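See below for the structure under consideration.
Please treat every number below as a calculation from the coordinates, not as lab data. Remember, it's a predicted structure, so these values are computed and weren't measured experimentally. Positions of Cβ are backbone-derived with ideal geometry, glycine not excepted, and every protein chain shown enters the neighbour counts.
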Amino acid sequence: MNQNLFASFNMPMILGIPLVALFILFPTMLIMPSNNLNNNRSSSIQQWLIQLMLKQMMTNHTIKGRTWSLMLLTLITFITLNNLLGVMPYAFTPTTQLSLNLGMAIPLWMATVLMGLRFKTKATLAHLLPQGTPIPLIPMLIIIETISLFIQPVALAVRLTANITAGHLLMHLLGDTTLILLSTYLSSSVITVIVIILLITLELGVALIQAYVFTLLVSLYLHNNS
Amino acid sequence: MLSRIVLSAAATAAPSLKNAAFLGPGVLQTTRTFHTGQPHLAPVPPLPEYGGKVRHGLIPEEFFQYLYPKTGVTGPYVLGAGLILYALSKEIYVITGETVTGLVTIGIYIFGIKKFGPSVAAFADKLNENNIALTMEVSYRQRLHMVYKEVKNRLDYHISVQNMMRRKEQEHMINWVEKHVVQSISAQQEKETIAKCIADLKLLAKKAQAQPVM
């Protein structure tokens, strides 16, 4: 058993030097851009995936919104790779740290809001009041909409952190349970192994989905405000 | 491959870029000059189509061949089992809950690779097949361009040599003619010529005064 259940979320260190930069930079080594027409298999699959993501995400945007293509593609690739690499045993997932996710969510959200306020001030402010509300409710509704606007970055960051952290915690707990049950009730440990299998499959899906959701929401805010 | 032409053009245009290694990986990719020396003797051996053979997806075949003369077929397996048991018994590797999760995760990966590997590989190959003809065409045209450039270079050299010889001959001849003409004018002849020029000029001046100014 590790020191405690949360030891795997501590920053790995060597001689007291945190290795966070290496962990964040490592996924970039897995993406290999090339100028050739014929690549090896992994490069061509990467190219095809990136083209798919680009077409999926950016066709609904205006010309102004499409200047964000590189940013959003990088975002979804970064989050997907980090989440997928974290499913491996003994791996550290940077996206479990709230600091990283807040660092990604707040600047992007604020950029969309500021863009909306700068270029379409009236429309952005008009978004704060849904259509067709009865007149007595207007002051309260504006306050509520403002609060929901300000909660967007926090929701983005905490959603990603909580989902990935919960998945990892569940993995650790079930692994410990299986180990202990191996010496007492063997059949229960078989059941927990089956649950682990299902959970890992789920976690792989969650890794991809969370990245997608994050990027999709940022692109939605962009679309509203561009 | 298209970048080769760009790189050679950039190298001839700005040789100082060859030393710009500190500008970062992105710039380095475009400014690093390859193939600056003489090309190897043709035909260049083709690139291998498949990578090195691996056993169990992890260990290269050469390792097994290396141990075969001394320990036979089971040698590397005994070595591997011994290392694992050593690590376990000395608690260099501790069996924790993470071990169970890790074993199950790797099991899932192996299952996924075995089941979906060939279909994904076939899909990746299908992504590439339309581009082979294009690539060969591009490569052929690149080589044609290189040959054309080289031949033109040689011919230009001969032409410039010829031009230079002609120019030198002309200059030499002009200098020789000038020198001899100047030599041949003696001092007496020079005085006579200058006096005649002055007389002619006076005549012209008189004639010019007679005419009205336009």
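Is the C-alpha gyration tensor of segment A:1-56 telling us rounded, prolate or oblate? Criteria: a/c under 1.5 is rounded; beyond that, a/b larger than b/c is prolate, otherwise oblate.
Cα axes put segment A:1-56 in the prolate bin.
Hey, rough spin-label estimate for residue B:192 and residue A:162, points 7 angstrom out along Cα→Cβ, what's it come to in nanometres?
If labels sit at residue B:192 and residue A:162, their model points lie 12.1 nm apart.
How far apart, in nm, are the 7 Å Cα→Cβ label points at residue A:24 and residue A:148?
3.2
Among A:134, A:153, A:12, whose mean-square fluctuation peaks in a Gaussian network model of chain A (Cα, cutoff 10 Å)?
Looking only at A:134, A:153, A:12, the biggest GNM fluctuation is shown by A:134.
Measuring from centroid to centroid over Cα atoms, what is the spacing of segment A:148-226 and segment B:112-143 in Å?
Centre-to-centre (Cα) distance: 35 Å.
For chain A, set up a Gaussian network in which alpha carbons nearer than 10 Å are linked by springs, and say which option among A:166, A:105, A:207 fluctuates the most.
Among A:166, A:105, A:207, the largest mean-square fluctuation in the Gaussian network model of chain A belongs to A:166.
Quick one: helix A:69-86 against the long Cα principal axis of chain A, what's the angle to the nearest 10°, folded into 0 to 90?
Between the helix axis and the principal axis of chain A, the angle is about 20 degrees.
Simple spin-label model, 7 Å along Cα-to-Cβ: residue B:201 to residue B:116 in nm?
According to this spin-label approximation, the distance is 10.2 nm.
In terms of the Cα gyration tensor, with a ≥ b ≥ c the square roots of its eigenvalues, is segment A:114-226 rounded because a/c is under 1.5, prolate because a/b exceeds b/c, or oblate?
prolate
State the extension gain, in nm to one decimal, for the chain segment bounded by residue A:125 and residue A:110, taking 0.36 nm per residue of separation less the distance between their alpha-carbons.
Here the segment from residue A:125 to residue A:110 would lengthen by 3.9 nm.
Going through segment B:54-92, which trypsin sites (Lys or Arg not before Pro) have at most 15 other Cβ atoms within 10 Å and a DSSP loop state? It would help to have the intermediate numbers written out before the result.
Numbers: sites: B:55, B:70, B:90; in loops: B:90.
Passing sites in segment B:54-92 are B:90.
In deg cm²/dmol and to the nearest 500, what is the mean residue ellipticity at 222 nm of the protein assembly as shown if only DSSP H runs of at least 4 residues count, each as -39500 (n - 2.57), divided by the residue total?
The helix-only estimate for the protein assembly as shown comes to -24500 deg cm²/dmol at 222 nm.
DSSP loop (so not H, G, I, E, B), at most 16 other Cβ within 10 Å: list which GluC sites (Glu not before Pro) in segment B:49-129 pass both filters. If you can, show how the numbers build up before the last one.
On the way: sites: B:49, B:61, B:62, B:91, B:98, B:129; in loops: B:49, B:91.
Within segment B:49-129, the qualifying GluC sites (Glu not before Pro) (loop, at most 16 other Cβ atoms within 10 Å) are B:49, B:91.
By the gyration tensor of its Cα atoms, with a ≥ b ≥ c the square roots of the eigenvalues, what is the shape of segment B:119-206: rounded for a/c under 1.5, prolate for a/b over b/c, or oblate?
Since a/c reaches 1.5 and a/b is larger than b/c, the shape of segment B:119-206 is classed as prolate.
Residue B:117: net charge of surrounding residues, Cβ under 13 Å, Lys/Arg +1, Asp/Glu -1, itself excluded?
Net local charge, residue B:117 excluded: +2.
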